[in-house]
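Colleague: Below: one structure in structure tokens.
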Amino acid sequence: MYRLGVNFDLTYITAGIVDIEGNILIKESIPTLKYRKFEEIIKDMANLCIRVVNKYGLNIDNDIEFVGIGCYGSVDTNTGIMIYSSYFGFKNAPIADEMRKYINVPVVCENDANCYALAENKIGVTKGFKNTIIVTIGTAISGGIIIDNKIYHGLDFGAGEFGHHVIVFKGENCECGRNGCWAAYASTNAIVRDARIMSIRHPESLMFKMINGDVRLMSFKIPFEAAAKGDVYAENIVEDYKKYVAVGLINIVNTLQPEAIAIGGKIRKIGPEFVKDVSKIVSEKTFGQYEYENKTKILMCSLDYDSVIIGATMLEH
Ligand SMILES: [Zn+2]
């Protein structure tokens, strides 16, 4: 028997057949086109699943043990209902039931970051640890908590939203509607915002030259690239950014003291040096840092975003 994993993301829906070791055997994506009706999106998702399985020479109803879906939002894993997703605008969307109109196999749903955390815990960088956390840093920040090798969901499946703990009272606006959230300082969107402001104020900066004076061309990589070439303005941005990332991680360590925290998402493209620098700040600033013999390890996720597919096939069903 094979398992089918789906990454139900804002921009793409990707479905893949995964073997028992966590290898993706075949996968295919379609655009999500998220502004459509929920039913239309799920119909396309089901058709994608059927198509991928057929392409591999199998039949979904006979050869697939279950379909696991990693969703961009909070999901009731008992019912397969997406409780809430600020980005999709869904409320109580019955994903599993809707899928079952088209396919006759069990469907389990889970938050995408939780799937990612589970995959890392089973076959990735946090394998071998029992209590771990994944923090994904991209345009937003989300996370997954693994306790005793199991996903921790919280009271109503809302646990792990680390991006929305406030680090600056009355701080920058966050897309969640509050101010000063960690995501408003440590997401890739946040460093882009800060780099834009800095380059407008300092047209003599290398960053400004790299974007030809057009702030729309600013990306999260540019301040890192400019800093590596000695641009002091970019160095300022990057040093502050590392501290912002570290502040949130320190709060997590002080609260839960997991064995390891792995950083994933778009920020992985910056490379392992970034994680090393952040890890140094965390170990210096954690409460009681000199007293604890064992310190929480700050690592970089070893799997890419496809691991949501893999983790989805490792869900309890
Ligand atoms: Zn927020």
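The values are calculated or read from the model by the stated rules, or taken from the named source; none is laboratory data. Everything numeric here is computed off the predicted structure, so don't read it as measured data. Positions of Cβ are generated from backbone atoms using ideal geometry, with glycine treated the same way; all protein chains shown enter the neighbour counts.
Colleague: Please find, within the stretch 191-206, the residue that is farthest from the chain's Cα centre (by Cα) out of those that are surrounded by fewer than 24 Cβ atoms within 10 Å (Cβ to Cβ) and closer than 25 Å to ILE263 by Cα.
Modeller: So in the stretch 191-206, the residues surrounded by fewer than 24 Cβ atoms within 10 Å (Cβ to Cβ) come out as 192-194, 196-198, 200-206.
Okay, now just the ones that are also closer than 25 Å to ILE263 by Cα, so 192-194, 196.
Numbers: VAL192: 18, ARG193: 20, ASP194: 22, ARG196: 24 Å.
Among those that are surrounded by fewer than 24 Cβ atoms within 10 Å (Cβ to Cβ) and closer than 25 Å to ILE263 by Cα, it is ARG196.
Colleague: Moving to a separate point now. Look at PHE287 and say whether it is among the aromatic types (Phe, Trp, Tyr) and in a helix (DSSP H, G or I).
Modeller: Considered against the rule, which asks whether it is among the aromatic types (Phe, Trp, Tyr) and in a helix (DSSP H, G or I), PHE287 comes out as no.
Colleague: Give just the number: which of (1) modelled with pLDDT under 95; (2) hydroxyl-bearing (Ser, Thr, Tyr); (3) in a helix (DSSP H, G or I) does TYR87 not satisfy?
Modeller: That leaves (3) as the condition not met.
Colleague: With the requirement that a residue be free of Cβ contacts under 8 Å to residues at least 40 places away in the same chain, of a type outside the set (S, T, N, Q) and surrounded by 13 or more Cβ atoms within 10 Å (Cβ to Cβ), what does the stretch 85-106 give you?
Modeller: Hits for the stretch 85-106 are PRO94, ALA96, ASP97, ARG100.
Colleague: Sticking with this one: GLY138: within 17 Å of the chain's Cα centre (by Cα), within 24 Å of ILE270 (Cα to Cα), surrounded by fewer than 20 Cβ atoms within 10 Å (Cβ to Cβ) and not charged (D, E, K, R), yes or no?
Modeller: yes
Colleague: Would you call MET314 in contact with a Leu (Cβ under 8 Å, 6 or more places away or on another chain) and modelled with pLDDT of 95 or more?
Modeller: yes
Colleague: Among the listed residues GLY154, GLY163, GLY177, GLY144, identify the single one that is at pLDDT below 95 and under 23 Å from TYR84 (Cα atoms). Show your work before the answer.
Modeller: Values: GLY154 fails: at pLDDT below 95; GLY163 fails: at pLDDT below 95; GLY144 fails: at pLDDT below 95.
Exactly one residue qualifies, and that residue is GLY177.
Colleague: Could I ask something else about it? Hey, can you tell me all the residues within the stretch 247-263 that are of a type in the set (Gly, Ala, Ser) and either in a helix (DSSP H, G or I) or at pLDDT below 95 (or both)?
Modeller: First, pick out the residues of the stretch 247-263 that are of a type in the set (Gly, Ala, Ser): 248, 260, 262.
Matches in the stretch 247-263: GLY248 only.
Colleague: While we're on this one: When only residues in the stretch 136-193 that are assigned to a helix (DSSP H, G or I) and more than 13 Å from the ligand (Cβ to nearest atom) count, which is farthest from PHE208 (Cα to Cα)?
Modeller: Just the residues of the stretch 136-193 that are assigned to a helix (DSSP H, G or I), to begin with: 162-164, 183-186, 188-193.
Imposing the further condition that a residue be more than 13 Å from the ligand (Cβ to nearest atom) reduces the set to 188, 191-193.
Details: THR188: 18, ILE191: 15, VAL192: 12, ARG193: 13 Å.
Filtering the stretch 136-193 for residues that are assigned to a helix (DSSP H, G or I) and more than 13 Å from the ligand (Cβ to nearest atom), the one farthest from PHE208 (Cα to Cα) comes out as THR188.
Colleague: Among the residues that make up the stretch 62-69, is at least one of them surrounded by 17 or more Cβ atoms within 10 Å (Cβ to Cβ), under 24 Å from THR255 (Cα atoms), of a type outside the set (A, V, I, L, M, F, W, C) and in contact with a strand residue (DSSP E or B) (Cβ under 6 Å, 6 or more places away or on another chain)?
Modeller: Scanning the stretch 62-69, I find no residue that is surrounded by 17 or more Cβ atoms within 10 Å (Cβ to Cβ), under 24 Å from THR255 (Cα atoms), of a type outside the set (A, V, I, L, M, F, W, C) and in contact with a strand residue (DSSP E or B) (Cβ under 6 Å, 6 or more places away or on another chain), so the answer is no.
Colleague: Here's a follow-up. So how many residues does the stretch 194-232 have that are of a type in the set (A, V, I, L, M) and either in contact with a Ser or Thr (Cβ under 6 Å, 6 or more places away or on another chain) or outside any helix (DSSP H, G or I) (or both)?
Modeller: Adding up the residues that qualify gives 3.
Colleague: If a residue must be touching a residue at least 60 places away in the same chain (Cβ under 8 Å) and over 18 Å from LEU10 (Cα atoms), how many such residues does the stretch 46-84 contain?
Modeller: Adding up the residues that qualify gives 7.
Colleague: Determine whether HIS202 is more than 15 Å from VAL238 (Cα to Cα) and within 13 Å of the ligand (Cβ to nearest atom).
Modeller: When the stated conditions are applied, HIS202 does not pass them.
Okay, residues lined up against (1) under 16 Å from PHE90 (Cα atoms); (2) assigned to a strand (DSSP E or B); (3) at pLDDT below 95:
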site	(1), (2), (3)
ALA15	no, yes, no
GLU21	no, no, yes
GLU28	no, yes, no
ASN47	no, no, no
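Colleague: Mind checking which residues of the stretch 296-311 are among the charged types (D, E, K, R) and modelled with pLDDT of 90 or more?
Modeller: Residues of the stretch 296-311 among the charged types (D, E, K, R): 297, 304, 306.
Once the filter is applied, which keeps residues that are among the charged types (D, E, K, R) and modelled with pLDDT of 90 or more, the stretch 296-311 yields only LYS297.
Colleague: Now for a different question. May I ask you to verify whether TYR244 is within 22 Å of THR139 (Cβ to Cβ) and either away from the ligand (no atom under 16 Å from the Cβ) or at pLDDT 95 or above (or both)?
Modeller: So TYR244 passes the test.
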